Amino acid sequence: MKNIIVLPADSYTVISKTVLSRNDTNVISMLYEPIIGYAAVALYYTLFDDLDKYSVTSLEYTHHHLMSIMGISMDNLIEARKKLEGVGLLKTYFKEDKDINHYVYVLYSPVSSYEFFHHPILNVVLYNNLGKEEYNKLVDFFKIPRVSLKEYDDITESFSNVFKSVPGTLEVNGDFAKRNTNNLDIKGNVDFDLLIESIPKNMYSDKCFSDDVKSLINTLSFTYNLDTEALISIVRDSIDEKGLIDKNYLRRTARNYYQFRNDGSLPTIIYSTQPEYLRKPEGDKSNWAKMVYTFENVSPYRFLKAKGGGANPTSRDLNIVESLLVDQKLKPGVVNVLLSYVLKVNKGRLNKSYIEAIASSWKRLNVETVEDAMKRCEKEYKKRKKNTSAVSNKTRKADSSIPIWLDKNGTTEEASSKEQEEMDDILNTLV
């Protein structure tokens with residue numbers, strides 16, 4: 001994008017693509033502001049104030065108007081605007097004119113608190129900016145208490161039981177105000193013109209750099225903090241004999257390059273734990289709750305290290321974990337459950353193809369909590385057991401090779417003394 005100089009005389013118009021609720025203002029001030037700062041939030045609300053109370057489009061103003069109202073310089077104004085754009089609260093459109101340039105600022109709602117804490121980037125940035133104590137306070141503020149309705153009957157009436165049907169239909173054309181959010185535009189800092197020009201033309205085909213390939217390269221650039229110069233050799237080495245990019249090889253090469261530059265370590269995502277909003281509420285003192293707590297509070301790295309008797313996990317196993325978190329987008333606690341299950345049924349080995357098959361299924365089913373993952377393991381075990389030989393001694397042998405949080409019938413149960421000991425050993429790694 002070319003560098004555009006904004007002058008105080010340049011005009012702008014505000015368009016609202018959304019409506020703000022009271023909860024939205026809480027999300028902006030408590031979740032967005034620690035990331036984008038007070039000036040960006042002030043600009044957001046100032047642009048909303050430029051709208052007439054019942055209008056979705058403002059009059060035409062100058063940027064001098066904004067500077068005067070907010071009492072900030074043009075440089076600070078532009079910085080605040082870019083921060084709003086970066087987190088998806090604002091989109092900016094530009095039209096060059098002979099005398100003065102004109103801008104259109106389109107306003108969007110913030111994401112909900114659930115979406116914010118669920119977001120793989122916003123959530124992490126907030127945690128890093130605030131620290132654990134302040135972050136946990138925000139989680140508690142937005143968390144909805146869980147109320148069990150098992151002892152209640154649903155007596156809610158349906159619309160058809162309350163109202164009589166009316167014949168005929170009405171068609172209303174036009175756009176109406178509604179709540180709209182804007183997706184974050186996350187891009188790697190990749191100069192594709194330079195990247196493609198640096199690779200001999202006889203090495204790649206016309207279909208080599210498709211949109212999905214460029215998207216993958218951008219993702220790898222962002223995940224591993226790779227610049228264009230580093231990506232040139234990585235991409236070139238990933239082109240196969242057909243002149244196309246081998247995506248799996250590209251992923252491995254980018255990962256290996258990152259590890260080489262960082263003394264063998266992987267991105268910090270492997271050290272993350274289950275998000276607070278997806279954890280089981282505290283207060284349950286049962287052994288079952290203790291198992292869930294363990295999976296939720298230990299990172300996949302530390303879980304594997306504990307299962308290995310304190311030895312550092314192998315690079316192969318860490319690559320599997322990274323793939324589950326980055327590619328399959330499973331939550332850390334869910335990954336721990338999957339690792340625990342596969343390690344047991346495969347005699348202490350992580351079978352990559354078997355793990356990926358289960359992970360793909362869980363991703364489609366939107367498995368996000370530890371308890372849901374443990375119940376899925378129950379179903380997976382029953383399926384596995386059904387497909388094994390019906391010979392009784394083989395069946396008994398299979399029964400002995402199941403996670404300790406499944407009983408011999410493949411159903412979840414309370415923790416045994418053996419289980420408590422194993423969970424205590426893992427929890428001790430947190431100290």
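The values are calculated or read from the model by the stated rules, or taken from the named source; none is laboratory data. All of these numbers come straight from a predicted model, not from anything done at the bench. Note that we place each Cβ from the backbone using ideal geometry, even for glycine, and neighbour counts take in every protein chain shown. These accessible areas exclude ligands, DNA and RNA; they are computed on the full protein's heavy atoms, side chains included. Shrake-Rupley method; radii C 1.70, N 1.55, O 1.52, S 1.80 Å.
What to note about this one:
- Top-ranked residue in the stretch 300-346 [being in a helix (DSSP H, G or I) and of a type in the set (Asp, Glu); ranked as least open to solvent (accessible area, probe 1.4 Å)]: GLU322
- Pick from the stretch 354-397, criterion more than 24 Å from the chain's Cα centre (by Cα), of a type outside the set (D, E, K, R) and open to solvent by 80 Å² or more (accessible area, probe 1.4 Å), ranking: modelled with the highest pLDDT: ASN387
- Residues of the stretch 86-112 satisfying the condition of being free of Cβ contacts under 8 Å to residues at least 24 places away in the same chain and either surrounded by 16 or more Cβ atoms within 10 Å (Cβ to Cβ) or in contact with a helix residue (DSSP H, G or I) (Cβ under 8 Å, 6 or more places away or on another chain) (or both): THR92
- Selected residue (only one of ASP52, ASP24 is over 28 Å from HIS119 (Cβ atoms) and either within 22 Å of the chain's Cα centre (by Cα) or free of Cβ contacts under 8 Å to residues at least 24 places away in the same chain (or both)): ASP52
- For LEU126, the criteria (1) open to solvent by 30 Å² or more (accessible area, probe 1.4 Å); (2) outside any strand (DSSP E or B) hold in every case but one, which is (1).
- Exactly one residue among ARG302, ARG316 is closer than 26 Å to TYR257 by Cβ and touching a residue at least 40 places away in the same chain (Cβ under 8 Å), and that residue is ARG302.
- Selection from the stretch 34-65 of residues that are buried (at least 16 other Cβ atoms within 10 Å of the Cβ), among the charged types (D, E, K, R) and farther than 14 Å from ARG81 by Cβ: none
- Subset of the stretch 110-125 (residues that are modelled with pLDDT of 85 or more and over 11 Å from the mean Cα position of the chain (by Cα)): PRO110, VAL111, SER112, SER113
- Test: residue in the stretch 139-155 that is surrounded by 11 or more Cβ atoms within 10 Å (Cβ to Cβ), over 30 Å from THR219 (Cβ atoms) and modelled with pLDDT of 75 or more: yes
- The residues of the stretch 194-216 that are polar (S, T, N, Q) and open to solvent by 70 Å² or more (accessible area, probe 1.4 Å) amount to a single one, ASN202.
- Qualifying residue in the stretch 176-184 (condition: modelled with pLDDT of 75 or more and not hydroxyl-bearing (Ser, Thr, Tyr)): no
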